[in-house]
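Below: the structure, in structure tokens.
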């Protein structure tokens, strides 16, 4: 009889914890904190399943809710904050003196810091194709946000961003101070086209 | 304002109806099905875990479609993410997403234990809590940890999808063998009066196939997410 009472008390505590965690998840703003709270939620739920004699469901809840879903969320959140630049100029625009000190890098770094994004630069030209014309770029293999290229005739660097991206207006505003940088947009291939 | 009042009133009505229906639940718990499974479950299916007995024998038709739904989900995720079957790992100049050293070290220690726990849950589905689905999810977790240890790990998604298809085919075929041996589809293929010991074989075989199906499906979904932003 004594054991039964303890289990009842634990069950009530866990149920109140569930409500508290659910409220905090809604109020939180930080993504990584929310992931940890979701993990706590599934651990509490699986404890309740064990108390209510459903160990099979509890194992499934722990494996899915506390391991696989947070692993997927962590990856998705880190990808969401990434700003990928494809460098086709391949000169001292990004890297000068063997370090990230080129004017292009300084500009892009200032831009990504303004939006709290993580800047990542790639110089593999095979990522995108220009078969459909200079203004229509197909980036199927990766999700490239900005393409840097050099226009030899005008002697300027061109930054091409997605037409659909709202960040481009801010980048154009930031690049006004530099004489040799132009900001353009390209159209993406639509979904299922 | 009136909208809020209606909302609160509707919630109140729901609450009252929930409490009224709680009395009806008494009948539900007195059901004969539970007593039947208690008495005949072990003899009929050879599984002392009655949940597995119900999932893989009495209600196998439901489980088949559950495994099928996972397969459909994988094909949907891969179609939406427009995932290229040809793997291409571009070289990035600034890769800041290095996993913390502590996590990597702990993962290396936990990985074999998790894998072993997963296989244990799959193979003992008829004795202990768990079964194909739970064990498959644990094995999938162990595999996903490898991606955190080495971020540039390559995966052949087309191979995973092909194996998943054959595993699902294997589940359906194993479940249909009983049509020949017992003359009844989707049940244990051992004879009705066979000893309990030999009836295990069917449960273990089906658990292994479902475990492969679930682990590979979750692996494929994770890989699609991993490649999505890149």
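So here's what we get for this one:
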item: Qualifying residue in region A:149-163 (condition: under 26 Å from the mean Cα position of the chain (by Cα), outside any helix (DSSP H, G or I) and modelled with pLDDT under 70); result: no
item: Subset of region A:166-184 (residues that are without any contact (Cβ under 8 Å) to a residue 24 or more places away in the chain and loosely packed, with under 15 Cβ neighbours inside 10 Å); result: A:166, A:169, A:173, A:176, A:177, A:179
item: Any hit, region A:90-99, residues being without any contact (Cβ under 8 Å) to a residue 60 or more places away in the chain and facing chain B (nearest Cβ under 9 Å); result: yes
item: Qualifying residues in region A:111-129 (those that are away from chain B (no Cβ under 12 Å) and under 18 Å from residue A:166 (Cβ atoms)) - the one surrounded by the fewest Cβ atoms within 10 Å (Cβ to Cβ); result: A:116
item: Exclusive hit being more than 7 Å from chain B (Cβ to nearest Cβ), surrounded by fewer than 18 Cβ atoms within 10 Å (Cβ to Cβ), over 25 Å from residue A:179 (Cα atoms) and modelled with pLDDT under 75, set A:132, A:54; result: A:132
item: Residue within region A:65-72 that is within 11 Å of chain B (Cβ to nearest Cβ), modelled with pLDDT under 90 and in contact with a strand residue (DSSP E or B) (Cβ under 7 Å, 6 or more places away or on another chain) present; result: no
item: Total residues in region A:65-106, condition in a helix (DSSP H, G or I) and farther than 30 Å from residue A:42 by Cβ; result: 4
item: Hits in region A:8-37 - residues which are loosely packed, with under 12 Cβ neighbours inside 10 Å, assigned to a helix (DSSP H, G or I) and at pLDDT below 90; result: A:8
item: Residues satisfying the stated conditions in region B:119-162, i.e. more than 11 Å from chain A (Cβ to nearest Cβ), part of a loop (DSSP other than H, G, I, E, B) and more than 16 Å from residue B:205 (Cβ to Cβ); result: B:150, B:152, B:153, B:154, B:155, B:156
item: Residue that is part of a loop (DSSP other than H, G, I, E, B) and more than 30 Å from residue A:76 (Cβ to Cβ), where the choices are B:175, B:194; result: B:194
item: Filtered residue count, region B:29-52, keeping only those that are part of a helix (DSSP H, G or I), within 12 Å of chain A (Cβ to nearest Cβ) and in contact (Cβ under 8 Å) with a residue 24 or more places away in the chain; result: 2
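The values are calculated or read from the model by the stated rules, or taken from the named source; none is laboratory data. The structure presented is a predicted model; accordingly, all values stated were derived computationally and were not measured. Because the Cβ atoms are built from the backbone with ideal geometry, glycine has one as well, and the counts that use them run over all protein chains shown.
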